[in-house]
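FYI, it's all coordinate maths here, none of it is from the lab. Because the structure is a prediction, the values reported are computed rather than measured. Reconstructed Cβ throughout: ideal geometry from the backbone, glycine too, with neighbour counts over all protein chains shown.
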Amino acid sequence: MSTATVTRATRASRIAMIIAALALIVLALAPWWAGRADLRLMGEIFLYLSLACLWNLMAGYAGLVSVGQQAFVGFGGYMLFALTIFGGLHPIAAILLAGVLAAALSVPVAALIFRLKGAYFAIGTWVVAEVFRLTFAQISALGGGSGTSLPVGIVKSLADGRSAREALSYWLALGAAVTVMACVYLFLRSRRGLALTAIRDSETAAAGLGIDIWRTKLEVYVVTSAFTAVIGGLLFLQKLRISPDAAFSVNDWTAFVIFIVVIGGIGTLEGPIIGTLLFFLLRETLADFGTIYLMVLGAVAIVIMLKAPKGVWGLVRDRYDLELFPLSYRVNTQNKGN
Amino acid sequence: MPALLSISGLHKSFGAVVVADGTSFEVAEGEAVGILGPNGAGKTSLFNLITGALPPDAGTITFGGQDISATGAAQRCKMGIARSFQVPQPFGGMTVFENALVGAMEGAGLRGAEAEAHVLSVLDDTGLLLKANVRAGTLTLLERKRLEMARALAARPRLLLLDEIAGGLTEAECTALIETIQRVHAGGTTIIWIEHVVHALLAVVERLIVIDFGKKIAEGPPKTIMDSAQVKEIYLGVDPDV
Ligand SMILES: Nc1ncnc2c1ncn2[C@@H]1O[C@H](COP(=O)(O)OP(=O)(O)OP(=O)(O)O)[C@@H](O)[C@H]1O
Ligand SMILES: [Mg+2]
């Protein structure tokens with residue numbers, strides 16, 4: 001007779017959680033140990049990490065390969081400006097409300113683009129983002145095509161003094177990244193997350209086992225779009241200036257994010273973290289070389305896609321059977337007797 | 001006994017290829033039915049129509065007294081129809097245990113410890129317990145076929161559809177498989193089994209249906225069917241080996 005027990009955490013995942021908790025404490029104290037430029041850079045890293053986690057959930061798990069999430073980044077950014085300037089809201093309230101509005105907006109968008117499959121879906125998402133860009137370029141109260149700055153009064157309402165503001169902006173970015181990662185992790189660990197992972201691996205089999213594919217995808221799309229808009233609001237709270245081209249940039253908010261997810265390891269929770277670190281490492285070391293930097297990024301992406309289609313994390317995971325976030329179930333069988 | 005599954009006037013074609021040509025039959029609750037037919041006859045397509053993976057061009061399917069012709073695949077599984085895929089479709093990045101857990105949670109609606117215990121017993125039954133932590137993408141073809149059955153069983157189906165799971169097994173493995181299916185059947189599960197390994201099929205089923213070019217050409221007790229001239233013609237060279 002054999003008895004079996006089921007556990008989820010592994011030794012590696014327990015160690016990873018302790019390291020993550022310690023790193024989080026150190027990062028939370030950064031305004032006291034890091035310079036102004038480093039603080040800004042780290043804030044940007046956290047926001048990119050958030051975008052990458054969200055895109056990974058949508059494309060890597062739900063199979064919704066969007067090249068148009070800049071629609072929601074830009075929407076969130078513009079809502080920050082519109083709701084503070086015309087609605088008189090506090091910037092943080094405006095950013096949270098932007099997320100709610102983006103969720104509502106994503107439902108009709110999904111109804112439209114979910115009819116499209118594969119490459120047509122991707123093109124559809126890009127067209128939607130272009131429509132968003134052209135629409136916001138028409139709104140003269142927000143500066144039309146040339147954009148607008150966040151009024152000084154609103155900027156000052158955030159905190160007194162520049163360094164206090166920059167610290168707050170940093171903490172908001174860190175908080176957003178932690179919230180996104182925690183939500184994605186808890187979701188993937190839940191029953192619904194197991195179903196989503198099944199969809200990632202085979203939609204045919206998932207449907208045959210009782211998973212409502214369409215509804216699951218819609219939920220993922222709505223939630224990721226809402227979070228993406230919140231991140232958009234935070235990105236433009238750092239920049240303090242918005243224009244249609246910056247807000248709806250396919251390069252900044254989608255191409256780089258896809259690069260991050262693909263080189264890190266699509267369809268894994270760890271991939272976007274590794275990818276974000278690699279991306280910023282490359283960007284900061286190559287910053288002085290101008291356009292060469294983009295060519296190197298492209299070359300790295302091609303080499304990784306050819307040599308390690310599952311990304312850097314895919315390589316590590318397959319070789320060492322590692323898992324930093326304890327999502328897996330482990331069955332432990334002990335033979336009684338004999 | 002009332003019919004658990006009732007199919008009438010089912011039509012489906014892919015351009016010129018007709019995979020269901022006015023197919024009608026019934027399967028009673030608790031019955032085990034075998035389906036025979038040459039390659040490309042439309043057997044797997046019939047399963048796709050029953051499970052909702054394919055929409056029919058015409059005809060109705062009722063299950064447990066309810067018309068499910070327009071019901072989605074996921075809902076049909078929740079109602080109690082589970083199948084194995086002839087070409088295995090494992091969740092490659094998930095472990096064997098997790099693959100079956102999807103069936104237990106989504107198909108059978110089990111939760112927590114109850115779902116885990118059910119999966120463990122299914123894996124034990126299907127001989128996959130020692131592979132529980134293995135990523136399904138790394139399994140051999142035979143193991144993948146076994147996983148197909150385990151996953152379907154984990155969904156606790158009223159109607160289990162098995163699509164060619166006995167091919168390529170050794171004598172001992174085949175005997176073990178037959179015993180597993182007999183046990184499932186004895187537990188009250190209704191079974192429809194598509195199988196080219198005729199002796200395995202005949203060890204389990206109480207009735208045979210023969211399909212050719214999407215048409216049901218014979219139906220009845222296994223002995224009568226296997227002896228009929230029509231079936232012998234189609235299966236010329238195939239030794240029933242009973
Ligand atoms: N989705 C599809 N699109 C087009 N043709 C299809 C599709 N599915 C099946 N067919 C065709 O329909 C015919 C019947 O296929 P099906 O898989 O149902 O046969 P089968 O009886 O299961 O055969 P086998 O014994 O080889 O498994 C084949 O000619 C196949 O090529
Ligand atoms: Mg077939």
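Couple of notes before you dig in:
- Computed over the protein assembly as shown, the range of Cα coordinates on each principal axis works out to 92, 60, 43 Å, biggest value leading.
- Debye, to nearest 20: dipole size of the protein assembly as shown, +1 on Lys, Arg Cβ, -1 on Asp, Glu Cβ: 1640 debye
- The helix-only estimate of mean residue ellipticity at 222 nm for the protein assembly as shown, built from DSSP H runs of length n ≥ 4 each weighted as -39500 (n - 2.57), is -17500 deg cm²/dmol after division by the residue total.
- On the principal axes of its alpha carbon atoms, the stretch A:1-108 extends 70, 44, 24 Å, with the longest extent given first.
- Counting Cβ atoms of other protein chains within 10 Å of each residue's Cβ and taking the mean over peptide B:102-109 gives 6.
- Vicinal HN-Hα couplings computed from phi for the stretch B:220-227 (Karplus, 6.51 cos²θ - 1.76 cosθ + 1.60; Hz; Gly/Pro x): x, x, x, 4, 4, 5, 5, 8
- Based on C-alpha pairs under 8 angstrom that are at least 6 apart in sequence, chain A has a relative contact order of 36 percent.
- Longest to shortest principal axis, alpha-carbon extents of chain A, angstrom: 79, 50, 40
- Counting all C-alpha pairs of chain B, share separated by more than 23 Å (%): 48 percent
- In degrees, nearest ten, helix A:118-138 long axis to first principal axis of chain A (Cα): 20 degrees
- Structural size metrics of the stretch A:249-323, computed from C-alpha coordinates, are Rg and Dmax of 12.4, 39 Å.
- Of B:K43/B:K131; A:K117/A:K217; B:K78/B:K215; B:K43/B:K232; A:K156/A:K239; A:K310/B:K43, pairs whose Cα-Cα distance is over 24 Å: B:K43/B:K131; B:K78/B:K215; A:K310/B:K43
- Each eigenvalue of the Cα gyration tensor of the stretch B:1-124, multiplied by 5 and square-rooted, gives one semi-axis; in descending order these are 29, 18, 13 Å.
- Helix A:11-28 axis, angle to chain A major axis (alpha carbon atoms, nearest 10°): 20 degrees
- Tensor-based shape of the stretch A:75-185 (alpha-carbon gyration tensor, a/c under 1.5 rounded, otherwise prolate or oblate): oblate
- Stokes-Einstein D for the stretch A:151-259, Kirkwood Rh over Cα pairs, 20 °C, 1.002 mPa s (µm²/s): 129 µm²/s
- Annotation for the stretch A:1-104: chymotrypsin sites (Phe, Trp or Tyr not before Pro) lying in DSSP loop with at most 11 further Cβ atoms inside 10 Å of their Cβ are A:F86.
- Considering only the Cα atoms of the stretch B:81-156, their convex hull presents on average a projected area of 4.3 nm².
- Exposed-loop-free span, longest in chain A, where trypsin sites (Lys or Arg not before Pro) count as exposed if DSSP calls them loop and at most 11 other C-beta atoms lie within 10 Å: A:118-335
- Separation of alpha-carbon centers, the stretch B:1-74 and the stretch A:167-219, rounded to whole Å: 35 Å
- Charged-residue dipole, Cβ positions (Lys, Arg, Asp, Glu), chain A about Cα centre, Debye nearest 20: 660 debye
- On Cα atoms only, tilt of A:36-55 relative to the major axis of chain A in degrees: 60 degrees
- Only Cα pairs under 8 Å and 6+ residues apart enter the sum, and on that basis the relative contact order of the stretch A:249-323 stands at 34 percent.
- Averaged over B:115-123, number of beta-carbon atoms from partner chains that fall within 10 Å: 3
- GNM result for chain B, Cα springs below 10 Å: residue of B:G214, B:G112, B:G15 fluctuating most strongly: B:G15
- Assigned charges on the beta-carbon of Lys, Arg, Asp, Glu; the stretch A:111-227 dipole about Cα centre (debye): 100 debye
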